[in-house]
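See structure below.
The values are calculated or read from the model by the stated rules, or taken from the named source; none is laboratory data. Predicted model, so just to flag it, every value in this text is computed and none were measured. Cβ sites come from the backbone with ideal geometry, for glycine too, and all protein chains shown count toward neighbours. Heavy atoms of the whole protein, side chains included, go into the accessibility calculation; ligands, DNA and RNA do not. Shrake-Rupley method; radii C 1.70, N 1.55, O 1.52, S 1.80 Å.
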Amino acid sequence: YLKISKLALAFAIIHSKPPGKSSKEYTEYLAKTVSEQDFGWKWKVEVLEAEVLRLRQELLLSRISPRFCLENRKQDTSAETLLGQESINPTSYSSQLEDSGCDVCNDSAFDSLGIASDFHQSERNVNASKLWLERVPTLNLCHTSKEQSVTAPMHFLQHLLEIKKLSEGGILQADFSELENDSFTICNSVSQLLDGLTFFYKSPTFSAPSFLTEGVHVLISLITDTKLSNHVLKKCFKKMEEFKKNLIQIILRNRSVNRFQELHSVSQTLGLLGRNNILRNSLISLLLSEVRQFAEQLLQAYQVQSAYDFAQYENICFLCMILEQLLQNESEGSNISSSDYQGEEKIKFLKNLDQIILHLSDEFPLFSLYLWRVSVLLSSGQMQ
């Protein structure tokens, strides 16, 4: 029946094709038309799903703190005003990525990744709820679809963090037990934010717009908050693991000429994620695995005198720097157990490492030095 149907469709296309077009061209035209219609329906579904999620976010916030939502609705801040301010005073990150990419010591382009966001810097001086509420954008902002993948969930999570700050300061009353009753909304918001960040980090024309930097800060603030992180990590831990894996692969696979500042930005984000006690051990384990596998591949290529991926060799140094930083932070006084990565991955990493370093040290001194420093940190008494 399927073969007969396909044959009948082929004859129908041949008989109905307009003059001047071949059967192949007409078939491609029909396929394109159908796919465009299908894309249109998918886009409508995505818009409706986004609207449903936005309404659920507003409902959840109103249940947690009705007064916050009531005060927030009184603000006159509109999407046009905020977008206009952004166009007048843009954060020019892309211009700093137009050079040769060789200067990776200038941290000014990504300095905002290492410091707290504006609303965290000013929270010490807040004395009234009005000042807090004026700093948080409303949930009804309109953005382009790509921006909205980051900004929409980011604004919801910002509201959630602000309500918690206000409730701790005695300015607002809030009932966070509602998060247990609606874990779907907060988990979907976190997942949407992670997907949006991944999309922009993967973009071939990557830059660090202000909303992307702010999204990273919101995510870090959320997962480092002792109360809110429990609601997020227990439902979104796999998504967070996937996000870390994606960032690592973005670093390893980037082969653009002006890539070093881009990779520095992604490395900063991984370093910030590693500050969380729960995420740190799994991140160290992932980094150990990637560095070990590359070291073994590099040794094999060296022994048989075959070509190796030079771009990946340069990129692996970023992973080594992140790994060393995370291990160094632990050895300098953290009392968090490192048993998660001191098992199989640590054994695999240290196995035959001396031989690998011995063979690679002359040809690849920098990488060998990184391997040695990481092995010292793993083997030190402080890491036991």
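Within the range 211-270, which trypsin sites (Lys or Arg not before Pro) sit in a loop by DSSP and count at most 10 neighbouring Cβ atoms inside 10 Å? Filter output for the range 211-270: LYS227. Counting heavy atoms of the protein chains alone, TYR308 has an accessible area of about 90 Å² for a 1.4 Å probe.
What is the extension gain from GLU46 to PHE310, computed as 0.36 nm multiplied by their sequence separation minus the C-alpha to C-alpha distance, in nm to one decimal? Taking GLU46 through PHE310 to full extension adds about 91.0 nm, to one decimal.
Taking the range 343-384, which trypsin sites (Lys or Arg not before Pro) meet the DSSP loop condition and have no more than 14 other C-beta atoms within 10 Å?
Filter output for the range 343-384: LYS351.
Label-to-label distance, LYS32 versus GLU180, with points set 7 angstrom from Cα along the beta-carbon direction: 5.7 nm. Counting only protein heavy atoms and a 1.4 Å probe, tell me what percentage of the range 190-256's accessible area is made up of carbon and sulfur. C and S atoms contribute 51 percent here. Taking label positions 7 Å along the Cα-Cβ direction at both GLU25 and LYS235, the computed distance is 5.4 nm, reported to one decimal.
The simple spin-label model puts a point 7 Å past each Cα toward its Cβ; for LEU350 and ARG275 those points are separated by 3.0 nm. Ordering of 262-271, 354-363 by packing is 262-271, 354-363, highest average first (other Cβ atoms within 10 Å, averaged per residue).
Listed cross-link partners LYS146/LYS202; LYS44/LYS239; LYS3/LYS24; LYS44/LYS146 are compared with a 22 Å cut-off, the Cα-Cα value being larger for LYS44/LYS239. Using the 1.4 Å probe convention, the accessible area of the range 147-275 works out to 37 Å² per residue with neighbouring protein chains retained.
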